[in-house]
1. For Lys64, give me every one of the lysines with a C-alpha distance below 21 angstrom, ignoring sequence neighbours fewer than eight places off in its own chain.
2. Say we join alpha carbon atoms closer than 10 Å with springs in a Gaussian network model of the chain; which of Pro137, Pro18, Pro149 then has the biggest fluctuation?
3. Set Lys and Arg Cβ to +1 and Asp and Glu Cβ to -1, take the dipole of the stretch 2-195 about its Cα centre, and tell me which of Tyr42, Gln70, Phe175 lies farthest positive.
4. How much length, in nm to one decimal, is gained on full extension between Lys64 and Ser194, taken as 0.36 nm per residue of separation minus their Cα-Cα distance?
5. Tell me what the chain gives for mean residue ellipticity at 222 nm when only DSSP H runs of n ≥ 4 count, each as -39,500 (n - 2.57), the sum divided by the residue total, rounded to 500 deg cm²/dmol.
6. So what is the relative contact order for the stretch 79-148, in percent, with contacts set as C-alpha pairs under 8 Å and at least six apart?
7. Quote the FRET efficiency, to the nearest 0.05, computed for Ala106 versus Ala138 with a Förster distance R0 of 30 Å and r equal to the Cβ-Cβ distance.
8. As a test, work out the antiparallel percent of DSSP beta bridges whose residues both lie in the stretch 12-121, rounded to the nearest 5.
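None of the figures in this text is laboratory data; all of them are computed from the coordinates on show. Here the structure is a predicted model, which is why all the values come from computation and not from measurement. Neighbour counts are summed over all protein chains in view; Cβ atoms, including those assigned to glycine, are modelled from backbone coordinates with ideal geometry.
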Amino acid sequence: MLKEQLADFDIILASGSPRRQLFFKELAINFTIDVREIEEVYPPHLKAQEITNYLARLKATAFKDIDEKQIVITSDTIVWNEGQAIGKPKDHAEAFQMLSALSGSAHEVFTSVCFTTKEAQQTVYDCTKVYFKELTPAQIEYYLKTCKPYDKAGSYGIQDWLGYIGIDKIEGCFFNVMGLPTRLVYETLIALASSK
């Protein structure tokens, strides 16, 4: 099992996301949390997974002091809609605007995960297509008032009430939309442990 394969490594999850932390626990990976603040700004010419790849790597630059047995895992998620990246909303008005734009159409969710060791760095990403039904203003207001999804890219969590009533279908990994392509993370960690 992966837990035994990684027994000699110190896995550092550089994420304050409760969902990502829960995924690591449920994957039976021993890890510690170390979140280091960094300004999440990317060059404007980047698109889709180029943005999340860049930001996941950027977050890893805060870890210059890792040792030979440590693997730092950083990640980033965006919603990509009509050629634009949608991150976390600043306030209620922006969240309402985001969900209104996603209503009745399909968008993509990109998550990149960067694995950094003392010697090397590897970044993987996944993309999931999400189809929203037409949402009424009342449904959007109810969701924002009850779930307060201001810490989520695109202003929604697929695991929340809006996901229950508002999503027609998805193409790709469900967990990727929640912020972590779990299968890719698992496979990459196995490969890293095997190569040491």
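1. Here the lysines satisfying the reach criterion relative to Lys64 are Lys118, Lys196.
2. Pro18
3. Phe175
4. Additional length available on full extension: 44.4 nm.
5. -10000 deg cm²/dmol
6. Over the stretch 79-148, the number comes to 32 percent.
7. That pair, Ala106 with Ala138, gives E of 0.85.
8. So the antiparallel bridges amount to about 75 percent of the total.
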